[in-house]
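Beneath this line is the structure, given in structure tokens, with notes to follow.
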Amino acid sequence: MTYLAKSPWIIHYDASSCNGCDIEVLACLTPMYDVERFGIINTGNPKHADIFVVTGSINEKNREVVRNIYDQMPRPNVVVAVGICACSGGVFRECYNVAGGIDKVIPVDVYVPGCAARPESIIDGIVTALGVLEEKRTKMVLDEEKKEHHRHAGMHPEHISQTGDAP
Amino acid sequence: MINIVWAIVFVLVAPLIGGLIAGIDRKITAHMQGRVGPSILQPFWDVGKLFEKENAVVNETQHFYAVCYVVFMAFTGALFFAGGNILLVIFALTLAAIFLVLGAYAANSPYSYVGAERELLQIMAYEPMVILAAVGLYVATGSFNVSDIAATTEPVILLIPGIFLGLLYILTIKLRKSPFDISTSHHAHQEIVKGVTTEFSGPSLGWIEITHWYETVFLLGFVYLFFAFNPLLGIAAVIVVYLLEIFIDNTNARVKWQLALKSSWLIAAVAGVVNLAALYLFYGGAA
């Protein structure tokens with residue numbers, strides 16, 4: 001297990017819809033549920049965060065905002081869509097200004113359904129996200145090694161031709 | 001006079017002690033708020049995590065300043081624990097703090113700028129009292145060298161209690177505790193984004209956390225100097241002072257920078273200067 005899974009810092013963004021899930025996310029931080037005992041901190045800064053928790057659906061106004069927050073997060077990172085609106089648009093999906101769930105704009109790793117999502121299921125969703133985070137970290141390290149390997153392999157023929165020319 | 005062994009011990013061991021203090025701090029804070037709280041090893045996991053992340057810097061100088069911050073803070077503490085000149089220690093401390101401000105200014109971000117300006121105001125607020133503390137220790141013990149001050153048999157705390165009170169006041173600023181956690185805060189959502197650390201992420205932020213551990217150990221060492229005539233009393237005082245800081249942190253809302261600046265200068269001018277004047281008049285300086 002890496003340190004990533006022991007210290008997930010989240011950034012929470014409340015997109016459109018009724019704000020019910022937003023309040024449930026905040027309930028997770030209260031002494032009743034106390035997510036900090038798992039090392040989870042609500043940072044409020046995308047550059048410090050590992051998990052992007054979004055509640056509510058994508059509309060034409062927040063499309064750019066969600067994209068921007070996601071782009072500012074250092075990799076590896078995961079996205080958790082909390083509540084049915086974030087998953088699919090929910091009851092608002094037919095509205096003229098609603099594009100649908102969060103996955104219309106950014107890749108979503110964990111879907112937490114519910115209206116509103118219960119704090120228990122939100123915590124469960126974040127714990128599931130930790131597994132995905134770990135996977136992404138492993139993949140990132142492997143990609144890095146592969147890139148390094150290719151770089152060395154690329155240099156190899158040059159090296160041979162140089163030594164071949166010498167005598 | 002300068003003991004290189006202590007300097008090396010500080011550089012190697014201080015992050016471990018500082019991280020553990022931060023973990024205990026979070027646990028006690030959680031209990032004060034009626035929560036269970038994270039493991040006391042949580043700060044180490046946090047920093048380990050930060051070093052596993054991508055180093056997404058805004059520009060190269062930003063990372064350079066973050067590294068300078070940790071290097072000069074480690075130098076400050078190493079010089080202090082090696083028994084060096086306390087004035088030089090204080091100058092190195094200021095230099096380290098300035099590197100953090102420069103790092104925040106290096107990113108073209110309004111949140112980072114606001115944090116950097118607030119950090120500068122905090123430096124203005126605590127600096128006079130830090131200098132007065134050095135002068136007070138000199139008048140009480142007759143030396144600017146930490147090695148001599150630590151070896152004194154004078155009951156320093158009884159000679160300069162006013163200066164000690166002033167130092168306690170600015171310690172809240174230096175440890176980034178409420179009500180003076182103006183430029184950045186350990187508590188979530190108390191900040192315009194994240195103040196001075198807004199634009200730091202991944203390993204750079206990890207270095208800043210480690211710097212804070214160094215700083216905590218150094219500052220508690222400074223507190224110890226006032227009780228150095230009795231080591232057991234000194235260690236007890238350090239523990240009591242840190243518990244007091246945690247208590248203050250959890251019972252106070254953040255104040256505006258105007259109040260932080262004015263009150264710390266007022267405390268320095270009244271408690272610090274009056275104490276120093278009285279020491280000269282009635283005691284004529286020790287040693």
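The values are calculated or read from the model by the stated rules, or taken from the named source; none is laboratory data. Bear in mind that the values here come from a model prediction, so they are computed numbers and not experimental data. Ideal geometry is used to build each Cβ from the backbone, glycine not excepted, and the neighbour counts take in all protein chains shown.
Quick notes
- B:P15 falls short on exactly one of the conditions (1) in contact with a Gly (Cβ under 9 Å, 6 or more places away or on another chain); (2) buried (at least 17 other Cβ atoms within 10 Å of the Cβ); (3) touching a residue at least 60 places away in the same chain (Cβ under 8 Å); (4) under 16 Å from B:G206 (Cα atoms), and that condition is (1).
- Members of the stretch B:242-274 that are within 30 Å of B:G34 (Cα to Cα) and among the charged types (D, E, K, R): B:E245, B:D249, B:R254, B:K256
- Here B:V193 fulfils each of the conditions (1) assigned to a loop (DSSP other than H, G, I, E, B); (2) of a type in the set (A, V, I, L, M, F, W, C); (3) more than 20 Å from B:V101 (Cα to Cα) apart from (3).
- Options B:E60, B:E52, B:E127; residue that is without any contact (Cβ under 8 Å) to a residue 60 or more places away in the chain and farther than 21 Å from B:T198 by Cα: B:E127
- The single condition among (1) within 23 Å of A:E134 (Cβ to Cβ); (2) at the interface with chain A (Cβ under 8 Å from one of its Cβ atoms) that B:A30 does not satisfy is (1).
- Which listed residue, of A:E94, A:E145, is without any contact (Cβ under 8 Å) to a residue 12 or more places away in the chain, farther than 21 Å from A:K6 by Cβ and not in a loop (DSSP other than H, G, I, E, B): A:E145
- Number of the condition not met by B:S178 [criteria: (1) part of a helix (DSSP H, G or I); (2) out of contact with any Phe, Trp or Tyr (no Cβ under 9 Å at 6 or more places or on another chain)]: (1)
- Taking (1) touching a Ser or Thr at 6+ places or on another chain (Cβ under 9 Å); (2) surrounded by 19 or more Cβ atoms within 10 Å (Cβ to Cβ); (3) assigned to a helix (DSSP H, G or I) in turn, B:F75 satisfies each apart from (1).
- Residue in the stretch A:119-127 that is under 27 Å from B:E199 (Cβ atoms) and either surrounded by 18 or more Cβ atoms within 10 Å (Cβ to Cβ) or of a type outside the set (A, V, I, L, M) (or both) present: yes
- In the stretch A:113-142, the residue that is modelled with the lowest pLDDT out of those that are part of a loop (DSSP other than H, G, I, E, B) and in contact with a Cys (Cβ under 7 Å, 6 or more places away or on another chain) is A:A116.
- Of everything listed in (1) farther than 17 Å from B:R26 by Cβ; (2) within 14 Å of chain A (Cβ to nearest Cβ); (3) in contact with a helix residue (DSSP H, G or I) (Cβ under 6 Å, 6 or more places away or on another chain), the single unmet condition for B:V241 is (2).
- For the stretch B:66-82, the criterion of being polar (S, T, N, Q), within 14 Å of chain A (Cβ to nearest Cβ) and touching a residue at least 24 places away in the same chain (Cβ under 8 Å) is met by none of the residues.
- Residue match in the stretch A:85-102 (condition: at pLDDT 90 or above and closer than 27 Å to B:L50 by Cα): yes
- In the set A:V78, A:V35, A:V82, only one residue is of a type outside the set (D, E), at the interface with chain B (Cβ under 10 Å from one of its Cβ atoms) and crowded, with 19+ Cβ neighbours inside 10 Å; that residue is A:V35.
- Of the residues making up the stretch B:208-266, those that are buried (at least 18 other Cβ atoms within 10 Å of the Cβ) and of a type in the set (G, A, S) number 6.
- Only listed residue being modelled with pLDDT of 85 or more, crowded, with 22+ Cβ neighbours inside 10 Å and within 15 Å of the chain's Cα centre (by Cα), chosen from B:F200, B:F164: B:F164
- Residue in the stretch B:33-57 that is farthest from the other protein chains (Cβ to nearest Cβ), counting only those that are surrounded by 18 or more Cβ atoms within 10 Å (Cβ to Cβ) and assigned to a loop (DSSP other than H, G, I, E, B): B:V57
- Taken over the stretch B:108-138, the criterion of being more than 21 Å from B:L220 (Cβ to Cβ), aliphatic (A, V, I, L, M) and buried (at least 21 other Cβ atoms within 10 Å of the Cβ) is satisfied by B:A116 alone.
- Enumerated helices (runs of 4 or more DSSP H) restricted to the stretch B:220-283, each holding at least 3 residues that are out of contact with any His (no Cβ under 6 Å at 6 or more places or on another chain), farther than 20 Å from B:P128 by Cα and modelled with pLDDT of 90 or more: B:231-251
- Residues that are among the acidic types (D, E) and surrounded by fewer than 21 Cβ atoms within 10 Å (Cβ to Cβ) were ranked within the stretch A:47-75; the one that is farthest from A:S17 (Cα to Cα) is A:D71.
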